[in-house]
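Enquirer: My questions will all concern the structure given below.
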Amino acid sequence: MKKQGVFKEMAILTGAVAIIAAAVFFFLIPSHTAVSSISGLAIVLSNFIPLSISAITMILNVGLLIIGFILCGPEFGYKTVYTSIMLPVFMGILEALLPNNQSLTGDQALDVLAYILLVSVGLSILFNRNASSGGLDIVAKIMNKFLHMELGKAMSLAGMCVALSAAFVYDSKTVVLSVVGTYFNGIVVDYFIFGQNEKKRVCIVSQKEELVRDFILNDLHSGATIYEAIGAYTLEKRREIIAIVDKHEYQKLMRFMNEKDPDAFMTVYSVHDMRYKPKVY
């Protein structure tokens, strides 16, 4: 069973890397933009180095892996090593099969948009399997360790540096598209990674506490926690029900509250990460 689990994991990682490679080959390379990735930097460097983009990507990824191991230690697991190597391998296969690849959309901006959407799917799969595509992730890790910069900011800075490198080769329109594409790539990747798993933290103060609690536990089959709250003006003690629900459960809960207790006081927060499941008391 363990071997089957490893095989399934590697198959998922391979599929995700194949999606990313397709996004780079069919959309990023024809657009000539350098959107927040080592592949984008390889596109720029291919104008100075007589090697294929896949070969340059392989050299950069392997080089960064070695530097990362030296400076940060063995923090990069086998998944990152695997994806870092397989990405240029897939790109090399596509280059061999389609040596005269041209833009599928015929428009530079549409190519960038298609790349952002497709690569975000692959990256979200990797993220949900606790993996990454290497490249700029390693650069960000190094910056985090030695410059004490937050990983998110380090990734953004590294991505913008890659985008601005297009200025050495391409016209102003391509540079602008690289920068704008890098910005929106971060937004879309965040949505695919975090937005799909977003939950709602609903805090309810209701006169019909028992009815609400019963609905959350027995109809939504969700957990809830009850806190004692004191109103600052009247000093009246009330009980607040807090539940973490997904989007579908949130809609059902809102319909229930509008029907049973429209005067209830509620606050709602977006939750992007949970380290444990709420206990049912």
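Enquirer: At 0.36 nm per residue, minus the direct Cα-Cα distance, what do His248 and Glu228 gain on full extension? Give it in nm, one decimal, please. Don't skip to the answer; put the middle values down first.
Expert: Working: separation 20, 0.36 × 20 = 7.20 nm, distance 2.76 nm.
The span from His248 to Glu228 would gain 4.4 nm if fully extended.
Enquirer: Here's a follow-up. May I ask for the distance between the Cα centers of the range 99-114 and the range 140-182, given as a whole number of Å?
Expert: Going from one Cα centre to the other spans 22 Å.
Enquirer: Now, a different point. Carbon and sulfur: what percent of the chain's accessible surface (1.4 Å probe)?
Expert: Answer for the chain is 63 percent, counting heavy atoms of protein chains only.
Enquirer: Hey, if you drop one equal point scatterer on each alpha-carbon of the range 16-149 and run the Debye formula without solvent, what base-10 log of I(q)/I(0) do you get at q = 0.12 Å⁻¹?
Expert: Debye intensities relative to I(0), on a log10 scale: -0.45.
Enquirer: Starting at the first residue of the range 239-256, write each ³J(HN,Hα) from the Karplus equation 6.51 cos²θ - 1.76 cosθ + 1.60 with θ = phi - 60°, in whole Hz, x for Gly and Pro.
Expert: My calculation for the range 239-256 gives 10, 10, 9, 10, 9, 9, 10, 7, 5, 5, 5, 4, 5, 5, 5, 5, 5, 4 Hz in order.
Enquirer: Let me ask something else. Between Val44, Thr14, Phe26, whose Cα lies farthest towards the positive end of the dipole of the chain when Lys and Arg beta carbons carry +1 and Asp and Glu beta carbons carry -1, centred on the Cα centre?
Expert: After comparing all options, I get Thr14.
Enquirer: Moving on. Once you have the Cα-Cα distance between Arg129 and Asn218, take 0.36 nm times their residue separation minus that, and quote the gain in nm to one decimal.
Expert: Separation in residues times 0.36 nm, less the Cα-Cα distance, equals 28.9 nm.
Enquirer: A further question follows. Over the chain, what is the percentage of antiparallel beta bridges among all DSSP beta bridges, to the nearest 5?
Expert: DSSP beta bridges in the chain are roughly 95 percent antiparallel.
Enquirer: Let me ask you something else. What is the distance, in nm, between label points placed 7 Å from the Cα along the Cα-to-Cβ direction at Gln102 and at Ile49?
Expert: With each label placed 7 Å out from Cα toward Cβ, I get 2.9 nm.
Enquirer: Translational D (Stokes-Einstein, µm²/s) of the chain at 4 °C and 1.567 mPa s when Rh comes from the Kirkwood sum over C-alpha pairs?
Expert: Numbers: Rh = 21.6 Å.
Estimated diffusion coefficient is 60 µm²/s.
Enquirer: Would you mind checking the tilt of helix 151-164 against the longest principal axis of the Cα atoms of the chain, expressed as 0 to 90 degrees and rounded to 10?
Expert: Rounded to the nearest ten degrees, it is 40.
Enquirer: Provide the per residue accessible area, probe 1.4 Å, for the range 12-150, rounded to a whole number of square angstrom.
Expert: 44 Å²
The values are calculated or read from the model by the stated rules, or taken from the named source; none is laboratory data. Keep in mind the model is a prediction, meaning the values are calculated, not measured. When we count neighbours, we look across all protein chains shown, and the Cβ atoms used for this are built from the backbone with ideal geometry, even at glycine. Just so you know, the surface numbers come from the protein's heavy atoms only, side chains and all, with ligands and any DNA or RNA stripped out. Shrake-Rupley method; radii C 1.70, N 1.55, O 1.52, S 1.80 Å.
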